[in-house]
Amino acid sequence: MGHINNTPEPVVAIVVAAGSGSRLGAEVPKALVPVAGVPLLARAVTQLAAGGVTEVVVVAPAEGRQAFMDALADAPIPVLWADGGAERQHSVAHGLAMLPDLPEADAEHQVVLVHDAARAFLPADMVARVVEAVRGGADAVVPVIPVTDSVRELVDDGSTVVDRARLRAVQTPQGFRRGVIEEAHRILAETETIVTDDAAAAEYIGCTVTLVDGSRDAFKVTEPLDLVLAEALVASGGTA
Ligand code: CTP
Ligand code: MG
């Protein structure tokens, strides 16, 4: 698979893979579940590399690390490791702490992506779009897709229709300048604030969030039905 983004500046991705996968209910950790024989984590790292990522920090459970290392034995880019935290946000923070030191001026501008291992089928061009938007000066970049279901919001005395055309579903990888995402997580930790994703973390410190096109292929493997879709996607010669 060709690399879409061949620029020399490093692009680091933090890949969070330390969740329990309770909704999937598999016998192995979700990130290690194979699709057509290849674990989700390995697929995610391969796609990130194809989109221009040059190094990953994989955040995995502290116990059972060897199986995660085995899954990435043939990774196309260098892999660093961090221990998972209680919440996804803590796992991201642990990953940020493992980023290699750089001279301050370089670190401030380094492109850092944060990605869910469970979104294993992300297209390379989507990764490249996120990287390019950060390089273009955006503080925080989020890939989004339209919402296809009609949506209702629960209110005190029933429910009310929501204008679907104005809604977007949020995916990963989300992209940041390193200075932004490090500062955001530092302030969240200091104020003991929990947010739902990293874009919300950046917003919390006053950054503007830039949207780029995501992809249906970057769906998050969450429930057993998602594995049926995943196998079919690979069999049809889709993204992966
Ligand atoms: N994640 C993590 N650390 C946590 C929780 C989640 O690294 N404490 C990661 C998961 O491994 C996953 C991503 O965050 O790649 C998105 O989370 P989700 O899809 O909810 O995965 P799980 O939390 O593992 O699944 P579930 O909520 O069904 O238990
Ligand atoms: Mg979860």
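The values are calculated or read from the model by the stated rules, or taken from the named source; none is laboratory data. None of the values given here were measured: they were computed from a predicted structure. Neighbour counts run over all protein chains shown; Cβ positions are idealised from the backbone, glycine included.
Matching residues to (1) more than 14 Å from the chain's Cα centre (by Cα); (2) modelled with pLDDT of 95 or more; (3) more than 21 Å from VAL92 (Cα to Cα):
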site: ALA140; (1), (2), (3): no, yes, no
site: PRO146; (1), (2), (3): yes, yes, yes
site: ARG168; (1), (2), (3): yes, yes, yes
site: ARG178; (1), (2), (3): yes, yes, no
site: ASP197; (1), (2), (3): no, no, no
site: THR208; (1), (2), (3): yes, yes, no
site: ASP226; (1), (2), (3): yes, yes, yes
site: ALA230; (1), (2), (3): yes, yes, yes
site: ALA240; (1), (2), (3): yes, no, yes
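Which members of the range 10-33 meet the condition of being more than 13 Å from ASP226 (Cα to Cα), part of a loop (DSSP other than H, G, I, E, B) and more than 9 Å from ligand 1 (Cβ to nearest atom)?
Matches in the range 10-33: PRO10, GLU27, VAL28.
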Legend entry - Top-ranked residue of the range 72-120 - restricted to ones that are without any contact (Cβ under 8 Å) to a residue 24 or more places away in the chain and within 13 Å of ligand 1 (Cβ to nearest atom), ranked as surrounded by the most Cβ atoms within 10 Å (Cβ to Cβ): HIS90
Inset, instruction - Please work out which residue is surrounded by the most Cβ atoms within 10 Å (Cβ to Cβ), limiting yourself to the range 161-213 and to residues that are among the basic types (Lys, Arg) and in contact (Cβ under 8 Å) with a residue 12 or more places away in the chain. - result: ARG177
Legend entry - Residue within the range 109-126 that is closer than 13 Å to ALA13 by Cα and at pLDDT below 95 present: yes
Inset, instruction - Scan the range 65-118 for residues that are assigned to a helix (DSSP H, G or I), out of contact with any strand residue (DSSP E or B) (no Cβ under 6 Å at 6 or more places or on another chain) and under 21 Å from ALA50 (Cα atoms) and jot them down. - result: MET69, ASP70
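Only one of VAL127, VAL131, VAL141, VAL180 is in contact with a strand residue (DSSP E or B) (Cβ under 8 Å, 6 or more places away or on another chain) and assigned to a strand (DSSP E or B); which?
On the way: VAL127 fails: assigned to a strand (DSSP E or B); VAL131 fails: assigned to a strand (DSSP E or B); VAL180 fails: assigned to a strand (DSSP E or B).
After applying the criteria, what remains is VAL141.
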